[in-house]
Amino acid sequence: MTQTNSSSNEHYPTDRPFRFGGNELRYVREAIESGNLFYWPEGRFVTRLIDHIRERFEMPYAVATSSGTSALQVALAAAGVRPGAEVIVPPITDMGTHIAVLRQNAIPVFADVHPHTYNLTPETIERAITDRTQVVLLVHLAGNPADAPAIADLCRRRGLLLIEDAAQAYGAYLHGEHVGTFGDFGCFSLNNSKHISCGEGGFVLTRDKRLYVRAHNHADKFYDRHNSGLWLQELGANFRMTELQGAVALAQMERMEAFTERRGLIGARLIEMLSDTPGILLPESLPGATCSYWFLMFRIDPTVVRVSREELQARLTERRVRCTAGYLHRPSYLEPMFQNKSFFPGGVWPGEVVAGRTYDYREVSCPVAEQVLETAMTLQVHEGQTDQEVQWIGTHVLKVWARAMQDANGVATEVGA
Ligand SMILES: *Cc1c(COP(=O)(O)O)cnc(C)c1O
């Protein structure tokens, strides 16, 4: 496994071999043997998970949820987002971000991103604010912190709430503060693709006791278990986490640092190897940022590299470098459900009806996000990659690019040679 051998298909791990081990199995067994898989009141693992999370993020309150999408929906509901209110979102994110907004009957309003951090900025957000804006939903893409402190300031000045979507950003810090702790709420995902996972799951962080109780209730049928009980005051949802999820999530949280620090080192090493490579525009991070590389996204400079991304991907794959040509197929607003506003059956969009005005996503344009997605490639990063494998990835990207530059200059080359 550690031997660098370009002719061996076994060289590169197909997935994340060291991901689940040790306490994951032990805790699941304990949960099963306890005879109870419900989190309240005596559920051991969700309770322990919440305590662990509160301590880990130095936040007074946390709510466990069934997914990252439901964590966001719970935060929006707890924040008191009204049907028809506008929520500023980025166009480069997981669909879960938008689902949460739309399921709360609010209106996603797209702001553009920075060309090299791929995140929203205070300037792009400012331009998207209207008198209907209630929330900014800030995504920290691929473990690269957005400017949460400046955006939190902006939100305070403009009377808006800030919800951070840190689903891809475990182990991402700004000046030593973990992302997800700057806003009114921080939301995380525990789905299978994320840095740490229990298959499906998520959680919400907040500093405010009142918001915490609301979030807890919105994830739990609004049963208001902390207070008087069953006089239901609002429409909740069942977004509860089970003890099985809690058991795995707790074991994963215990390993969070090990995973994210390793990813940080790998990402930094690749950036170092690829810096100053003609045709590669590396991602930028803010001063004081620690990135945890959910993956490493960079951009091709098409004025220099005339070889298509698909061709580059094919050449890299041939060298067993795991990568993708692009991240999302398109900015979210270009998806048919936005273009046709076919969110709900029958073509009725309650958010718009309540807002009393029409929104036309065919008129939305975020040119920077479009350029980013047209030129993006991603390299896989995960904690199981050895130093040799990282060296392999960097070396072969450089080789493929050197070839591509020759191609761009009209020199024919043999693919994969
Ligand atoms: C994964 C993800 C979500 C949704 O989380 P799920 O657990 O899949 O529901 C939301 N936002 C971002 C940025 C994500 O990466």
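The values are calculated or read from the model by the stated rules, or taken from the named source; none is laboratory data. Only a predicted model underlies this, so the values are computations on that prediction, with no experimental measurement involved. Backbone-built Cβ (ideal geometry, glycine too); neighbour counts: all protein chains shown. Side chains included, ligands, DNA and RNA excluded: accessible areas come from the protein's heavy atoms. Shrake-Rupley method; radii C 1.70, N 1.55, O 1.52, S 1.80 Å.
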> Most mobile of LEU286, LEU162, LEU232 per a Gaussian network model of the chain (Cα springs, under 10 Å)?
Replying inline: LEU232
> Taking the Cα-to-Cβ direction at LEU281 and at ALA258 and moving 7 Å from each Cα, how far apart do the two end points lie in nm?
Replying inline: 3.9 nm
> Tally Lys and Arg at +1 and Asp and Glu at -1 over the other residues with C-beta under 13 Å from the C-beta of GLY186: what net charge comes out?
Replying inline: -3
> Taking the alpha-carbon set of the stretch 23-79, what are its Rg and Dmax in Å?
Replying inline: 13.0, 38
>> Can you say what percent of the DSSP beta bridges in the chain, counting only those with both residues inside, are antiparallel? Round to 5.
In response: 60 percent
> Which of the GluC sites (Glu not before Pro) found in the stretch 279-324 are loop residues per DSSP with 15 or fewer other Cβ atoms within 10 Å of their Cβ?
Replying inline: GLU284
>> Among ARG158, ARG315, ARG103, which one shows the highest mean-square fluctuation when the chain is modelled as a Gaussian network with alpha-carbon springs under 10 Å?
In response: ARG158
> Number of Lys-Lys pairs in the chain under 29 Å by Cα, sequence gap 8 or more or different chains?
Replying inline: 4
> How far, in nm, would the chain grow between HIS329 and ARG127 when pulled straight, counting 0.36 nm per residue and subtracting the alpha carbon separation?
Replying inline: 70.2 nm
> How big is the equivalent ellipsoid of the chain along its three axes, where each semi-axis is √(5λ) from the Cα gyration tensor, reported in whole Å from largest to smallest?
Replying inline: 37, 28, 18
> Gain in length, ARG156 to MET273, computed as 0.36 nm per residue apart minus the alpha-carbon separation, to one decimal in nm?
Replying inline: 38.1 nm
> Pick from GLU234, GLU261, GLU200: which is most flexible by mean-square fluctuation in a GNM of the chain where alpha carbon atoms under 10 Å apart are linked?
Replying inline: GLU234
> So what is the accessible area of the stretch 255-309 per residue, in Å², with the probe set to 1.4 Å?
Replying inline: 44 Å²
> Dividing the convex hull volume of the alpha carbon atoms of the stretch 26-182 by its residue count, what do you get in Å³ per residue?
Replying inline: 127 Å³
> Seen from all sides and averaged, what is the projected area of the convex hull of the Cα atoms in the stretch 149-297, in nm²?
Replying inline: 11.3 nm²
> What net charge is computed for the residues neighbouring ALA148, neighbours being all others with C-beta under 10 Å from the C-beta of ALA148, Lys and Arg scored +1, Asp and Glu -1?
Replying inline: -4
> For the stretch 170-238, with every protein chain kept in place, what is the accessible area per residue (1.4 Å probe, Å²)?
Replying inline: 43 Å²
> Cβ under 12 Å from VAL135's Cβ, VAL135 left aside: what net charge do those residues give with Lys, Arg +1 and Asp, Glu -1?
Replying inline: -1
> Relative to a virtual label point 7 Å from the Cα of ASN409 in the Cα→beta-carbon direction, which members of the stretch 289-317 show backbone nitrogen distances below 15 Å?
Replying inline: 304-307
